[in-house]
Structures are given as structure tokens and as C-alpha cells.
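The values are calculated or read from the model by the stated rules, or taken from the named source; none is laboratory data. As the structure is a computational prediction, the values presented were derived from the model and not from experiment. A quick note on method: Cβ atoms are made from the backbone with ideal geometry, for glycine too, and the neighbour counts reach across all protein chains shown.
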Amino acid sequence: MTTHDAPSVFGAVRLGYIVIETNRFADWRRFGTDAIGMHHDALSRDLMRFRLDDRECRFLIRRGPAEDVVATGWHIDDHAAFERIEARIRAHGAPFTVGTDEEAALRGVGRLLRFPGPKGITQEISTTPAKSAEPLRMLATGFVTGDGGMGHIALTSTKPMQTRGYFNTVFDARLTDYIDETFGGVKFKIRFLRVNERHHSIAIAAARGLPVDAVRTRVQHLNVQAATLDDVAQSYQRVHELGFDMALSVGQHTNDKELSYYARTPSGFEWEVGWNPVVVDETTWEPTTYQGISIWGHLPVGRTIIGKLAEFQAGARSLGRPESTVPSLSGAGVPDD
């Protein structure tokens, strides 16, 4: 379903990089390199980057108080698609800024446009990502990026139809499927959206009938796709041995069949390392609703009553904190199919 008559940009969009703001630089370096196994580049006291492949930047870490994802970067295949998206932003009257040369260089990209996104996460589009000549130095054997982009981002939302409408308006995102799941006695519906062949680049989880958000951070989790099953197993072991918190044990999802685990980052949101998700065939795919997120595994690790109380408190606080949905770009939202 699209909300405009212009040519679709579906398939020309892929998740390219993530910007994270934190004051826990030492912990993030250990987490990214020694636990997850990524390549690290120190740029200054206040900036560092992680690489997954030959691209200069996949994660830009900057010093600051947010302890959260502050921007999501989308690589656009060509200038024509970039300009179609820019035209949509203009036509809907949403504010935007052209990235400076310095901002683009930090992200390893050419053209850069920045505009507001759901939950206060700045959305960025760019072209011509730069490749690094420096060989990768990382514990992982590799990560899967390519035509599907570098993984996915998962959000919780009190306004899921508007959030889905946003990504539909901007990127022609398509619904892949739904999952119905119960967490702590609360029923959730999770919507999975794709912008290319990757099963999903965006997941949106919402409590049914309850306008609460039990997650403190803007994102619930980020995902990277490991090249091999051994990479998943070895990074899982490193996370444990280095003393980082594990959120969910190894398991396999019902919808995309990805085998994964979830660690907790130094900033508090979760980080999923997965392997071998299905690739969507656009000629045959039909959205389906699955019951439960996992075929097996994905069991909570180290859950305590204190953690449950923190979730309850975060949910209660969210009642008095209106969620940003960027109305100019989300419109009336997209009703469930």
C-alpha cells in the first residue's frame, strides 16, 4: 500500500548505519569489539566507529548523554531515488536539513539529508557510501550486509499505525508479517516492515489496547546478521565471559526463522546477533500472523522482580510523555491489513 502516486523507492533503500550517543565509551568499545566482534576505529576522544564490512562506517558512536540511538541512516541506491524521497519530505511540509561535509564524512557517505523520525530518532538518507581500504580487524569472520542492508531496528510504540504510516510514506515500506505475543501478561502485536529483500528492516511492537511503552530507550533492539552459526555461538560465549548482560538466550524466530540471541548494550537497549533469516521473494510473499516470537529458545536471562518493576515504572511514565510520530509524514497512519 502506498500513499502517493510517485514511483516507488522500494528496493532502493537499505539500512546503512546507526548513530549512537553514549558517555560509556570504554564499555562500548569492549562490547563492540571484544564481545560482538566488530572492527573498531577511534576517530577522537568523542567519536568512534564500528565496521562490519568494507564500508567506512556502520555504527557511529558519539559522546553524549542520550545513551540511545539518535539517528538511523538509510543508504539510497541512486540520486534519482534520493531526490524522490527528498521531494516527499518537502511535499509533506516536514522540516529537513542538508548534512554538512563533516557530518557526511563521519558517516562515510556522499549526499546527506536529515529529517525527524518516530520516537525522536532522526532519519538520515545518503548516497555513495565510502569504502575503506583498511583491512578488517575483527573477531567475527564476517557479517551479512549486501542488498538487504546491515540488519534491522526494532521500536516499541503507542501509535503503531502512525509509525507504520511514516515508513510507508517515506520509504514505501511493505508489511512482511505480524507476530502476536504476550510479555508479562500484556498482549503485544509486532509489525514487521521491509524496504528490500531483507525480511524486515523495521519492527514495531505495541501493547494491544494499552497506550504504554515499557522501554526507556527510543529503540528496543538493533540487529546484525552474522556470517556463520559459529560466529553467533562464539560471540554469545564472549558476551557471557566478558560480563555483559544477556537479555534472551539463543533461540529461533517463528516468522523469519533467524537463529539469534539478545545481549544488553552498555546503553541499556538490546543487541541481537542473528544468523540465516529467510529472504523475501516478492513474487510469492503473503503477510501472515504468527503466534509467539520463537519456535524455541529466546528465554529471559537473569530476570528479577527489580527488572519487572523497572518495566512497570517505565510504562507508567510513558503515559505522561506523548510519543512523537511526525504527523506531517505519518498522516492518519496505515490500518492493519
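Remarks
- Contacts under 9 angstrom Cβ, first residue in region 73-87 being of a type in the set (Gly, Ala, Ser), partner part of a helix (DSSP H, G or I), 6 or more apart: Gly73/Arg107
- Within region 88-120, restricting attention to residues that are touching a residue at least 40 places away in the same chain (Cβ under 8 Å) and under 26 Å from Gly37 (Cα atoms), the residue that is surrounded by the fewest Cβ atoms within 10 Å (Cβ to Cβ) is Leu106.
- All conditions in (1) in contact (Cβ under 8 Å) with a residue 24 or more places away in the chain; (2) in a loop (DSSP other than H, G, I, E, B); (3) in the same structural domain as Arg30 (by TED's automatic domain parsing) hold for Arg62, with the sole exception of (2).
- Options Arg62, Arg51; residue that is of a type in the set (D, E, K, R), surrounded by 18 or more Cβ atoms within 10 Å (Cβ to Cβ) and touching a His at 6+ places or on another chain (Cβ under 8 Å): Arg51
- Within region 148-167, the residues that satisfy the criterion of being within 16 Å of the chain's Cα centre (by Cα), not in a loop (DSSP other than H, G, I, E, B) and not hydrophobic (A, V, I, L, M, F, W, C) are Gly148, His152, Thr156, Pro160, Thr163, Arg164, Tyr166.
- Qualifying residue in region 173-189 (condition: in contact (Cβ under 8 Å) with a residue 40 or more places away in the chain, crowded, with 24+ Cβ neighbours inside 10 Å and either of a type outside the set (Asp, Glu) or within 26 Å of Thr22 (Cβ to Cβ) (or both)): yes
- Subset of region 192-211 that is in contact with a Phe, Trp or Tyr (Cβ under 9 Å, 6 or more places away or on another chain), free of Cβ contacts under 8 Å to residues at least 60 places away in the same chain and not aliphatic (A, V, I, L, M) - its residue that is surrounded by the most Cβ atoms within 10 Å (Cβ to Cβ): His200
- Filter result for Ala71 (assigned to a helix (DSSP H, G or I) and surrounded by fewer than 23 Cβ atoms within 10 Å (Cβ to Cβ)): no
- Annotation note: of Val273, Val250, Val232, Val279, the sole residue that is in contact (Cβ under 8 Å) with a residue 24 or more places away in the chain, under 20 Å from the mean Cα position of the chain (by Cα), surrounded by fewer than 16 Cβ atoms within 10 Å (Cβ to Cβ) and in the same structural domain as Asp172 (by TED's automatic domain parsing) is Val279.
- Per the conditions (1) among the charged types (D, E, K, R); (2) modelled with pLDDT of 95 or more; (3) closer than 28 Å to Gly146 by Cβ, the sole criterion not satisfied by Asp245 is (3).
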